[in-house]
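The values are calculated or read from the model by the stated rules, or taken from the named source; none is laboratory data. The structure displayed is predicted, hence computed values, not measured ones. Note: ideal-geometry Cβ built from the backbone for every residue, glycine included; neighbour counts use all protein chains shown. Quick note on the areas: whole protein, heavy atoms, side chains included, nothing else; ligands and nucleic acids left out. Shrake-Rupley method; radii C 1.70, N 1.55, O 1.52, S 1.80 Å.
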Amino acid sequence: MLKARMSSRPRTGPPKHANKFAWKPNAGVKINETEVGGRFRPLSDITGVCPKCKDQIEWKRKYGKYKPLTEPAKCQKCTKRAVRQAYHNLCNACAREHNVCAKCSCRVDRIVGRDITEVEAEQKMLQAAIGNARERDKRSLIRAMNKGKTQTKEQDPTDNDKKAGDLFKAESLEAYAGTTRDDEDEDYSEDETQVVN
């Protein structure tokens with residue numbers, strides 16, 4: 001019986017046969033755009049979990065192993081059918097109350113993602129902040145927000161400090177809401193240059 005000779009050191013360097021292109025799950029299968037995960041019904045954001053669990057769920061999505069829930073699952077703390085995201089064991093209320101990850105149930109300082117109630121509260125605050133703005137400015141702000149959602153994380157417009165003030169002169173929405181139309185008209189009149197022939 002021949003035995004393969006084993007070296008005492010682990011192998012280093014690049015792989016012997018590197019892939020020419022990355023593997024894609026369901027590469028030859030056409031995806032129905034109206035199903036969950038399609039273009040018209042994208043998968044929901046991963047919220048209420050620790051960063052490690054978020055990476056695990058993202059890996060499942062990336063490599064075709066993710067199975068979305070078809071109906072709400074039972075929470076392991078309160079036993080109500082309130083778990084609405086796949087691979088979560090606790091509902092949002094219990095996870096927030098006990099300050100734990102909704103998937104692995106371990107105590108964490110930082111939870112990834114925001115709750116739906118937080119998003120709705122932010123939307124109400126935003127609507128109140130742009131309530132007294134001109135229609136043109138409202139539409140510009142909404143276009144900028146929608147554009148920011150469609151961009152990837154690497155191209156996030158909020159990461160660049162130089163862009164503050166490009167759309168509006170105020171640094172924050174609260175400061176913009178504090179300005180009146182008269183103040184804006186004065187600012188625009190200062191920017192205009194007079195051409196003399």
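Laid out as a table, the results:
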{"item": "Alpha carbon Rg of region 1-103, scaled by the compact-globule rule 2.2 N^0.38 Å", "result": "1.60"}
{"item": "Linear extension gain, residue 138 paired with residue 30, 0.36 nm per residue minus alpha-carbon span", "result": "35.0 nm"}
{"item": "Rel. contact order, % - alpha carbon contacts under 8 angstrom, at least six apart, region 1-72", "result": "22 percent"}
{"item": "Where region 16-80 is the region considered: accessible area per residue in Å², 1.4 Å probe", "result": "86 Å²"}
{"item": "Assigned charges on the beta-carbon of Lys, Arg, Asp, Glu; region 1-140 dipole about Cα centre (debye)", "result": "1000 debye"}
{"item": "Share of carbon and sulfur in the accessible heavy-atom surface of region 1-113 [1.4 Å probe, %]", "result": "52 percent"}
{"item": "Violating pairs (Cα-Cα greater than 20 angstrom) within the set 20/65; 60/103; 65/103; 60/147", "result": "20/65; 60/147"}
